[in-house]
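Worksheet for the structure shown next.
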Amino acid sequence: MSRLPRPVAIALLALVVLLAAYPLYGAWLFPAKHAFLMQKITGIMILAIMAMSLDLLVGIAGMVSLGHAAFFGLGGYMLAILSPEYEAANIWIVLPAALAIVAAVAAIIGALSIRTTGISFIMITLAFGQMGFYFFNDSRLAGGSDGAYIYVMPAVEIAGISLMNLENKLVFYYLVFGLFIGAYLLLKVLLASPFGRVVQAIGVNESRVKGLGFNPDHYKLVAFVIGATIAGLAGFLGAAQYGFVNPAMLSWHQSGTALVMVILGGMGTIFGPALGAFVLELARMGFEGMTEHWLLPMGLFVIAVVLLLPKGLAGLLLQLGAKPAPEPEDEA
Amino acid sequence: MDVWFFLIQALNGVQYGLLLFLVASGLTLIFGIMGIINLAHGSFYMLGAYTAYWLALKTGSLLAALVLSLPIAALVGFGIETLLVRALYKRDHLDQVLLTYGLILVFNEAQKLIWGSDVHAVAMPAVLNWSFPLTDNLSYPIYRLVISAVCAVVALGMWWVIAKTRFGMWVRAGASNREMVQALGINVKLLFGLVFAIGAALAGLAGAIAAPVSSVYPGMGDSVLILCFVVVVIGGVGSVKGAFLGAILIGLADTFGRVLVPDFASFSVYAVMAAVLLWKPKGLFA
């Protein structure tokens, strides 16, 4: 993966700084809605983590999954199921356990799904996603279709000393912000590694990768599990933020929305899908404020983006960033 | 639990399967021939159901409503192909997914704006509103048999058009080699527009004819869409024969699932699909 053109990198960095400093100026800029916006932006960063993890599958490895929300939801449900009812769960136990379970489930689903490609892969992941949805919707394991509450945030402490109070909205904001940036960097490092190179090559031409003596299935499976586990982390955070899980977290609508964020943002760029998450959610907020029938302008917005921006927002940015000052070609 | 019970459930399953086939055949035709993944296909089903409901209110006759709602769905389909989908033939499948996802949002919201968010019942025509007695206390509603019959006739008609007519020949040729068909002087743009319109009309017909049984409600297209994708993938993408078998299989799995394992009814459909795909990753007739 080539490095970002300098103007784009600077613009993104500026956005990250704006995001990092938001709690400082937010109250001054939007006094009436500050608390609401803090919560909203935290939620968007969580969705952005999920969108970036889906980009690893869709944009990088060429595996278009319509069942990614299953892992998002599973991560959330694990927090709800593993937490004791009226006291704080120990995050050092709950989080690794939740992620391990998500990874294990992803390994099974992934191993079965990567036998197929193309539209069959879209559909089989959809089928597994729906199975997950109905598993939590129809069973009595965690409240069925009503969902389940998490009454107390997990405690982050070492030897009885509290490191972070997650009930504090500001602390939670920065925790999510840190994980959001961390997930981006993790994915970038991963893609720069020899493993990541092979996964990228699979997305471009799988038979050639096979011809070079690699077994694409192994790489695809590992990429699938990594993407799913990061989505599980996002779901875990989402469940912690709202203190509530319900089967809708696993629904195909949720998977579809994540896919829209990836395509809208510009797939294969990692930063694009994060941008897509912000633009889509902010647009939704704007339209919701304008009219009760916000889905109508939202749908038209999505259609306009497809017709006008073939490579998503990231494609537009990269084009703008590259044109005025043609950068010397970075490492291929 | 006797033989009649199974017969009734089997009839229900086949009827549901035939209905699914009407919707899924349009989906698979559009994908097989034009290479377009149309997520908004379920919206045509909803459009058919709602126009049938509305026209039945206005005209007082469900039959008139059925006949009139067909060209409406076809026209809307043709318009969408010409105005929007046409721009995306050369683009990635994912762009089509995104565009038609946007269309779903627009359709769902337009439905709420025009017809509101209530569930509406659609009156069955009096002539068909009776049941066929099977035993002393079991009977079978005649309207469901009519649905099956109409679907079967349309399925046969489609087979005839595709296998025996010149138009069907173009369609089959277009599916296997688009450029060659164009080079032979056939107006592919118009052909594609027509195929899209026919697909939309099939889905609209299914929605209209099912309306008295299922009633009409917001979001009714979404669940049908997902089931149709399941059907198409089980049968093999692009294969009408596969869609037929897949639809019957899913209709039966769904119906018997509801009766035998009510807690995991919806689960059963996806379990069948996963099993088929693991056995034949490209579907039964790919």
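Read the figures in this text as sums done on the coordinates, not as results from a lab. Bear in mind that the values here come from a model prediction, so they are computed numbers and not experimental data. Cβ sites come from the backbone with ideal geometry, for glycine too, and all protein chains shown count toward neighbours.
Under a Cβ-only charge scheme (Lys and Arg +1, Asp and Glu -1), can you give me the dipole magnitude of the protein assembly as shown about the Cα centre, in debye to the nearest 20?
1640 debye
Helix B:93-115: angle to the longest alpha-carbon principal axis of chain B, degrees 0 to 90, nearest 10?
Rounded to the nearest ten degrees, it is 50.
With everything on Cα atoms, drop me the angle between helix B:41-59 and the longest principal axis of chain B, reported from 0 to 90° to the nearest 10.
Taking the Cα atoms of chain B, the angle to B:41-59 is about 60 degrees.
Bin width 10 Å, origin at 0, all Cα-Cα pairs of segment B:134-286: what percent of pairs per bin?
Going out from 0 Å in 10 Å bins, segment B:134-286 shows 9, 30, 35, 19, 6, 1, 0 percent.
Which of A:61, A:70, A:32 ends up with the largest GNM mean-square fluctuation for chain A, with Cα atoms connected below 10 Å?
Among A:61, A:70, A:32, the largest mean-square fluctuation in the Gaussian network model of chain A belongs to A:32.
Could you put A:292, A:281 in order, starting from the residue whose Cβ has the fewest other Cβ atoms within 10 Å?
The order, fewest Cβ neighbours first, is A:292, A:281.
Bins of 10 Å, beginning at zero and ending with the bin holding the largest distance: percent of Cα pairs per bin for segment A:48-271, please.
9, 34, 34, 18, 5, 0
Can you pull the one-decimal nm distance between simple spin-label points at residue B:215 and residue A:291, each 7 Å off the Cα toward Cβ?
Rounded to a tenth, the inter-label distance reads 2.8 nm.
Towards the positive end of the charge dipole of segment A:48-271, with charges on Cβ (+1 Lys, Arg; -1 Asp, Glu), say which of A:124, A:147, A:93 has the farthest Cα.
A:124
Rounded, prolate or oblate: which fits segment A:1-82, taking a ≥ b ≥ c as square roots of the Cα gyration tensor eigenvalues, rounded meaning a/c under 1.5, else prolate when a/b beats b/c?
It is oblate, given that a/c is not under 1.5 and a/b is not larger than b/c.
Using only Cα atoms, tell me the angle between helix B:3-34 and the longest principal axis of chain B; keep it within 0 to 90° and round to the nearest 10.
10 degrees
Over chain A, with a Gaussian network built from C-alpha contacts below 10 Å, which listed residue (A:226, A:109, A:161) shows the highest mean-square fluctuation?
Result: A:161 has the largest fluctuation of those listed.
Quick one: which residues, 5 or more positions from residue A:244 or on another chain, have an amide H under 5 Å from its amide H? H modelled 1.01 Å from N in the peptide plane, none for Pro or chain starts.
Distant-sequence amide H within range of residue A:244: A:150.
Determine which lysines satisfy two conditions relative to residue A:311: a Cα distance under 16 Å, and not lying fewer than 8 residues away in the same chain.
Reachable lysines: A:323, B:90.
Go through B:58/B:164; A:188/A:210; A:33/A:188 and tell me which ones have a Cα-Cα distance over 28 Å in this structure.
Violating the 28 Å Cα-Cα cut-off are B:58/B:164; A:33/A:188.
What helices does chain A have that are whole DSSP H segments, at least 18 Å long along their own axis by Cα, and with mean Kyte-Doolittle hydropathy of 1.0 or more?
A:6-29, A:34-55, A:69-82, A:91-113, A:118-138, A:169-192, A:252-265, A:295-308
Within chain B, which is the longest segment that contains none of the chymotrypsin sites (Phe, Trp or Tyr not before Pro) sitting in a DSSP loop with at most 16 other Cβ atoms within 10 Å?
Of all site-free stretches, the longest is B:131-286.
As a check on your grasp of the helix formula, calculate [θ] at 222 nm for chain A: sum -39500 (n - 2.57) over DSSP H runs of n ≥ 4, divide by the residue count, round to the nearest 500.
-23500 deg cm²/dmol
Between residue A:168 and residue A:3, what is the label-point separation in nm under the 7 Å Cα-to-beta-carbon projection?
So the two model labels end up 3.7 nm from each other.
Antiparallel versus total DSSP beta bridges in the protein assembly as shown: what percent is that, nearest 5?
90 percent
If each DSSP helix of 4+ residues adds -39,500 (n - 2.57) and the sum is divided by the residues in chain B, what number results at 222 nm, nearest 500 deg cm²/dmol?
Taken over chain B, the calculation gives -26000 deg cm²/dmol.
Pick out which of A:118, A:182, A:299 has the largest mean-square fluctuation in a Gaussian network model of chain A, springs linking Cα atoms closer than 10 Å.
Answer for the Gaussian network model of chain A: A:299.
Stokes-Einstein at 37 °C, 0.692 mPa s, Kirkwood radius from Cα pairs: D for the protein assembly as shown in µm² s⁻¹?
Taking Rh from Cα pairs, D becomes 127 µm²/s.
Which residues does the label zone of residue A:146 cover in segment A:49-91, counting backbone N under 20 Å from a point 7 Å along Cα→Cβ?
Zone members listed by number: A:77-87.
Based only on Cα atoms, what Rg/Rh ratio does chain B have, Rh being taken as Kirkwood's radius?
That ratio is 0.97, to two decimals.
Largest first, please: the extent of the C-alpha atoms of segment A:153-261 along each principal axis, to the nearest Å.
54, 34, 21
Regarding segment A:200-332, what are the three Cα extents along the principal axes, ordered largest first, in Å?
55, 42, 23
If you put +1 on each Lys and Arg Cβ and -1 on each Asp and Glu Cβ, how big is the dipole of segment A:48-271 around its Cα centre, in Debye rounded to 20?
720 debye
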